[in-house]
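Okay, so here's the structure we're looking at.
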Amino acid sequence: MFQNQKITTDIYYVGVNDRQKAKFENMIPLPHGVSYNAYLIMDEKTALIDTVDIAFGDLFVNKIQSQLEGRALDYLIINHMEPDHSGSIRLLRKYYPEMIIVGNNKTLSMVEGFYGVDDNFLEIKDAGILSLGKHKLQFHLTPMVHWPETMMTYDLKEKVLFSGDAFGCFGNLNGTVMDTEMNIEKYWDEMARYYANIVGKYGAAVQKALQKLTPIDFEIICSTHGPIWKKYITKVVDMYDQFSRYEGKDGVVIVYGSMYGNTELMAETVAQGLAEAGVKEIIIHNVSKTDSSFILRDIFKYKGLIVGSPTYSNELYPEVESLLRKIEIRGIKNRAFGYFGSFTWAGAAVKRLATFAEGMKWNTANIAVEEKQGLKTDNYLACLELGKEVAELLKKPMPGNSNC
């Protein structure tokens, strides 16, 4: 029934689009959906690279059967065990009981742990090779990009890198899967958002993986999410390199919480100070309206960050506090930072922001503006100065410019 899209002479796309799920991992909004990509290699032996979310298991099996046309599925190669990619393993085993499951030691233990499958395993080692006939597949372990078992599979014949979640992004694939056949612009921000929220904590591991890939001559990247990369490989790899080094572009993200508009006015004034100092890329996010996944995306993209919060129950505004915790978890480095806050009868927010700044070890502005009740002239001017000081910090070397 299905005419699967051909990637190369013997490699076919058998993935699916998810236009139903509201939030990835029940946390991250999917305004443009997401794809679960899987690939089938047709040779003397057949090999499937990864599976899809079990919610699409029946469709997935139909696509595979349409391509195999009665042939056996000899191998299932698992690059990553997250259930959105491994979820159909048990179903596939029912259709193809002799199928050999290929993975590293950590992968195979997870197959048993998640799905109770414990036989017909082939354990591979780093740089090991599996022959399908004309196609020779080489395996490269890339732990903590972004789970400990993650690996990549390289087809030496076709020079195709099956990269797992690496180089992936959110967004459905509408009608085609190749970057050469679509308008690719909408995927760049979704790649940044994907990286910031899914891979962001693991910059050092990504750097090690990129170094490992340097000698490999790949001409196509087949990720488990988003387009298949051919024309834009250089840009995709450069983006991952930049993000994993925490090298933001010139620009400043202002993030604030505000209950009645006073802290918001401070944010607007800080932005004015930035603009007067010549900063052209200024992004302002209200934490009560913008999901944190989009805010984190922009924090990874730009090297300046300014946070404002009112005092709430003698603490930070809850959504601001939640965002700061997500920044800490990801260990974001090399940022120019400033902060401000407001209170009505007892101030605490600015003290909490100072503690956060100290822990992150960023270049932090000397000015920290704290206003009691409505914004007054002296603090209006101080907010302007805060913006100008952060603008100056953007020009200075970042402390500890390392991906470790």
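The values are calculated or read from the model by the stated rules, or taken from the named source; none is laboratory data. Everything quoted here is computed from the prediction, not taken from an experiment. So basically every Cβ, Gly included, is an ideal-geometry build from the backbone, and we count neighbours across all protein chains shown.
Odds and ends about this structure:
- Search result, residues across segment 17-36 that are in contact with a Pro (Cβ under 9 Å, 6 or more places away or on another chain) and either of a type in the set (A, V, I, L, M, F, W, C) or surrounded by 15 or more Cβ atoms within 10 Å (Cβ to Cβ) (or both): Ala22, Ser35
- Verdict on Phe340 being in the same structural domain as Asn379 (by TED's automatic domain parsing), touching a helix residue (DSSP H, G or I) at 6+ places or on another chain (Cβ under 6 Å) and of a type in the set (Phe, Trp, Tyr): yes
- Scanning segment 358-365 turns up no residue that is part of a strand (DSSP E or B) and at pLDDT below 95.
- Members of segment 90-111 found to be out of contact with any strand residue (DSSP E or B) (no Cβ under 6 Å at 6 or more places or on another chain) and closer than 22 Å to Gly70 by Cβ, listed by number: Leu91, Leu92, Arg93, Lys94, Tyr95, Tyr96, Pro97, Glu98
- The conditions of being more than 20 Å from Lys303 (Cα to Cα) and either of a type in the set (A, V, I, L, M) or outside the structural domain of Gln207 (by TED's automatic domain parsing) (or both) are not met by Glu385.
- Any chance Thr344 is touching a Lys or Arg at 6+ places or on another chain (Cβ under 9 Å), on the phi < 0 side of the Ramachandran plot and among the polar types (S, T, N, Q): yes
- Restricting segment 1-24 to residues that are among the charged types (D, E, K, R) and in contact (Cβ under 8 Å) with a residue 40 or more places away in the chain, the residue that is farthest from Gly171 (Cα to Cα) is Asp10.
- Qualifying strands (runs of 3 or more DSSP E) (wholly inside segment 1-70; at least 2 residues being modelled with pLDDT of 95 or more and touching a Gly at 6+ places or on another chain (Cβ under 7 Å)): 16-18, 34-36
- Residues within segment 285-303 that are part of a strand (DSSP E or B) and touching a helix residue (DSSP H, G or I) at 6+ places or on another chain (Cβ under 6 Å), tallied: 1
- Being in the same structural domain as Phe24 (by TED's automatic domain parsing) and in a loop (DSSP other than H, G, I, E, B) is true of Trp147.
- Which listed residue, of Lys186, Lys134, is within 27 Å of Met99 (Cβ to Cβ) and not in a strand (DSSP E or B): Lys134
- Tallying residues that are farther than 20 Å from Lys21 by Cβ, surrounded by fewer than 17 Cβ atoms within 10 Å (Cβ to Cβ) and out of contact with any Lys or Arg (no Cβ under 6 Å at 6 or more places or on another chain) within segment 148-174 yields 1.
- Residues being of a type in the set (D, E, K, R) and in a helix (DSSP H, G or I) - total across segment 72-102: 4
- Summed over segment 217-245, the residues that are surrounded by fewer than 17 Cβ atoms within 10 Å (Cβ to Cβ) and in contact with a Phe, Trp or Tyr (Cβ under 6 Å, 6 or more places away or on another chain) give a count of 0.
- Among the residues of segment 110-122, those that are out of contact with any helix residue (DSSP H, G or I) (no Cβ under 6 Å at 6 or more places or on another chain) and without any contact (Cβ under 8 Å) to a residue 40 or more places away in the chain comprise Met110, Val111, Glu112, Gly113, Phe114, Gly116, Asp119, Asn120.
- Close pairs from segment 34-45: first farther than 21 Å from Tyr187 by Cα, partner modelled with pLDDT under 95 and outside any strand (DSSP E or B), Cβ under 8 Å, at least 6 apart: Leu40/Asn4
- Selection within segment 48-68 - under 16 Å from Leu91 (Cα atoms) and buried (at least 18 other Cβ atoms within 10 Å of the Cβ): Leu48, Ile49, Asp50, Thr51, Val52, Asp53, Phe56, Gly57, Phe60, Val61, Lys63, Ile64
- Failed criterion for Glu281 (all others in (1) farther than 19 Å from Leu324 by Cα; (2) touching a helix residue (DSSP H, G or I) at 6+ places or on another chain (Cβ under 8 Å) hold): (2)
- Residue that is more than 16 Å from Met152 (Cβ to Cβ), in the same structural domain as Glu190 (by TED's automatic domain parsing), among the small types (Gly, Ala, Ser) and under 28 Å from the mean Cα position of the chain (by Cα), where the choices are Gly87, Gly70: Gly87
- If you go through segment 225-272 and pick out every residue that is under 19 Å from Arg297 (Cα atoms) and touching a Lys or Arg at 6+ places or on another chain (Cβ under 9 Å), you end up with 11.
- Flag if Ile11 is β-branched (Val, Ile, Thr) and either within 20 Å of Glu190 (Cβ to Cβ) or not assigned by TED's automatic domain parsing to the domain that holds Asn172 (or both): no
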